[in-house]
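Shown next, in structure tokens, is the structure this report addresses.
The values are calculated or read from the model by the stated rules, or taken from the named source; none is laboratory data. Source: prediction; values computed, not measured. A quick note on method: Cβ atoms are made from the backbone with ideal geometry, for glycine too, and the neighbour counts reach across all protein chains shown. Surface accessibility is based on the protein's heavy atoms, side chains included, excluding ligands, DNA and RNA. Shrake-Rupley method; radii C 1.70, N 1.55, O 1.52, S 1.80 Å.
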Amino acid sequence: MSYEENSTLENTAWGDTMGDVVHEVAAEDLTQGQWFWHVPVPGLTGWPLQVATAELLDDAVRIITTDEVRELVSYARDRRVRLTAAF
């Protein structure tokens, strides 16, 4: 996926027709089937992933995704994660 395609996808994430509304949840609130933007490091371009399962740990959430390449991601429980529409 090119940078331009990814930017377009990010800008069409859940929101109004102007793209002004961004829906975020704490990582610990992600549920099975939800799509979210995985941004490995703030400032880098992200990509959409779908939650297969999420396991709460003491201070983190471990997310198994449906993606074959990025099967596992882990975030601090309170990290804000941007939701996106299904692909």
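Numbers for the structure displayed
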quantity: Segment 21-87: GluC sites (Glu not before Pro) in DSSP coil with no more than 16 other Cβ atoms inside 10 Å; calculated: 68, 71
quantity: Stretch gain in nm, segment residue 50-residue 85, where the contour uses 0.36 nm per residue and the Cα spacing is subtracted; calculated: 11.6 nm
quantity: Global form of segment 47-87, assessed from the alpha-carbon gyration tensor, a/c cut-off 1.5; calculated: oblate
quantity: Probe 1.4 Å, all protein chains present, accessible-area order of 38, 23, largest first; calculated: 23, 38
quantity: Those trypsin sites (Lys or Arg not before Pro) in segment 43-87 that DSSP places in a loop and that have at most 16 other beta carbons within 10 Å; calculated: 70, 77, 79
